[in-house]
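Written out below as structure tokens is the structure these notes cover.
Please treat every number below as a calculation from the coordinates, not as lab data. Since this is a predicted model, take the numbers as computed values, not measurements. So basically every Cβ, Gly included, is an ideal-geometry build from the backbone, and we count neighbours across all protein chains shown.
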Amino acid sequence: MNKNKTITEEEKYISRCIQLARQGMTGAPPNPMVGAVIVYNGKIIGEGFHRKCGEAHAEVNAINSVRNQSQLKKSTIYVSLEPCSHYGKTPPCADLIIEKGIPNVVIGCKDPFAKVAGRGIKKLRDAGINVTVGILEQECCKLNKRFITFHSCKRPYIVLKWAESVDGFIDVKRSGGKPAILSSPLTSMLVHKRRAEADAIIVGTKTALLDNPTLNVRHWYGNNPLRVVIDRTLKIPDHFHLLQNDLPTWVITEKEHADSSITTYKKIDFTDELLPQLLTELHKNNIQSILVEGGATLLQSFINKKLWDEAFVEKTTISLNEGVKAPHIDAIVYSVDEHFSTPIWHYFNENETSEGI
Ligand code: AOF
Ligand code: ZN
């Protein structure tokens, strides 16, 4: 938001919707976080948010919170996302708004979900309701960046992550087989937070072989994502953590291999189209977001294909003198997080989607 600009009434209430929506942060996914505010005579008379996937939508909670229901007929409902028009786990919010006789609806951003995608707005307008769309649109899209990217780009939201040395190396000379530690305990926590936010984590073969990672969430609270490892010729030994059958894992390979109890072998052709194909497969399996944790080759392939939305890069003070060159990203640094022992640079890809989505 432009800080010098005076905030309009509409922006003020949509801002409040965003604030309310965030309270559904843990419960709402894979549904979007949504907030709604009802205003009568310049006063807020009702508020609500989508608390939990499968439960009431924001508009329903806001409408139910209004004590004097007759006031609805002269009110405006503000909602951060287009009201739905379909029967999903709950009935359409657009129908409820029409039934309650609310004459004005102000919307943050459209819902790209195929069953809605403008039909909510149309339904309301066809019923004679005065509808305004696109108030704080970027902020509302950013709030649900994973959901919006998943439905509008038909692929998961892609976050890249790596730590690099002061001299620009990502990988380490492993003298005596020991990896040099680039991350601090605090930044490890941050990485685990990112893992918990993602539906899947992806690593390349070399990273899997060198680090024998578990790719689970240990230093933060949250769910373990699906683990995905690219292993073209099945080089990863069966006793490695990733193949230990303790967490669901996909092995992306060009070889035939039978699935085990929770390890799935996905045969994909290793052509230039490998990443788009993998992303389509993840999309089909309802993976809304992924975290790419390395190594440099895999990260650089995502960057070269412009298949990324966000990158966070830990720039450490450690010098390695040699190793694998860190990936190169040609984008503006949006923020530098100084809360950790080393700065974390944060990039957004503006080519793929608009700022911040
Ligand atoms: C709204 N308000 O608060 C949310 C909406 O299965 P259901 O019935 O919960 O529907 C899920 C879809 O509804 C979801 O994919 C998204 O398109 C929309 N979410 N819509 O009007 C809300 N959370
Ligand atoms: Zn709804």
key: Cα Rg, Dmax (largest Cα-Cα span) when computed across segment 14-151, Å   = 13.2, 39
message = Within segment 74-93, list the residues whose amide N lies under 18 Å from a label point set 7 Å along Cα→Cβ of residue 22.
response = 79-81
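If you scale each eigenvalue of the Cα gyration tensor by 5 and take the root, what three semi-axes come out for the chain, rounded to whole angstrom and sorted largest first? Could the numbers behind the result be given before it?
Working: eigenvalues 370, 103, 56 Å².
They are 43, 23, 17 Å, listed from largest to smallest.
Two-decimal Rg/Rh of segment 104-219 from alpha-carbon positions, Kirkwood Rh? Walk me through the intermediate numbers first.
On the way: Rg = 21.6 Å, Rh = 18.1 Å.
In segment 104-219, Rg relative to Rh is 1.19.
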task = Could you give the size of the charge dipole of segment 58-119 about its Cα centre, using +1 on the Cβ of each K and R and -1 on the Cβ of each D and E, expressed in debye and rounded to the nearest 20?
result = 100
message = Looking only at the chain, where both bridge partners belong to it, what percent of the DSSP beta bridges are antiparallel (to the nearest 5)?
response = 35
inquiry  = Just want the ordering: 253, 271, from fewest to most Cβ atoms lying within 10 Å of their own Cβ.
reply    = 271, 253
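For each of 203, 313, count neighbouring Cβ atoms within 10 Å of the residue's Cβ, then give the residues from fewest to most.
Values: 203 24, 313 20.
Fewest-to-most ranking of 203, 313: 313, 203.
Step through the table entries 142/266; 206/266; 267/325; 12/193; 100/145; 110/142, compare each Cα-Cα distance with 20 Å, and write down the pairs that go over it. The partial results should precede the final answer.
Details: 142/266 32 Å; 206/266 18 Å; 267/325 30 Å; 12/193 31 Å; 100/145 31 Å; 110/142 12 Å.
Going by Cα-Cα distance, 142/266; 267/325; 12/193; 100/145 fall outside the 20 Å limit.
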request  = Just flag the chymotrypsin sites (Phe, Trp or Tyr not before Pro) in segment 66-174 sitting in loop per DSSP whose Cβ has no more than 12 other Cβ atoms within 10 Å.
outcome  = 87
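If we count other beta carbons within 10 Å of each Cβ, what is the order of 230, 290, fewest first? Could you put the intermediate results ahead of the total?
Values: 230 24, 290 27.
Least crowded to most crowded, the residues run 230, 290.
Would you please calculate the Kirkwood hydrodynamic radius of segment 276-331 over all C-alpha pairs and express it in Å, rounded to one decimal?
Working: mean 1/r = 0.0760 Å⁻¹.
When all Cα pairs of segment 276-331 are included, the Kirkwood radius is 13.2 Å.
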ask   = What whole number of Å gives the distance from the Cα centroid of segment 196-265 to the Cα centroid of segment 110-127?
value = 39
query = Over the alpha carbons of segment 226-344, what is the largest minus smallest coordinate on each principal axis, giving the biggest first in Å?
reply = 46, 29, 26
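Which of the trypsin sites (Lys or Arg not before Pro) found in segment 1-109 are in a DSSP loop and have at most 13 neighbouring Cβ atoms, other than their own, within 10 Å? Spell out each step's value before the answer.
On the way: sites: 3, 5, 12, 16, 22, 43, 51, 52, 67, 73, 74, 89, 100; in loops: 3, 5, 51, 52, 67, 89.
Loop-located and lightly packed - 3, 5, 52, 67, 89.
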request  = Kindly point out, ordered by number, any Cys in the chain whose beta-carbon has no other cysteine beta-carbon under 4.7 Å away.
outcome  = 17, 53, 84, 93, 141, 153
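With charges set only on the Cβ (+1 for Lys and Arg, -1 for Asp and Glu), what does the dipole of the chain come to about its Cα centre, in debye to the nearest 20? The partial results should precede the final answer.
On the way: 44 positive and 40 negative charges, 189 e Å.
Its charge dipole is roughly 900 debye.
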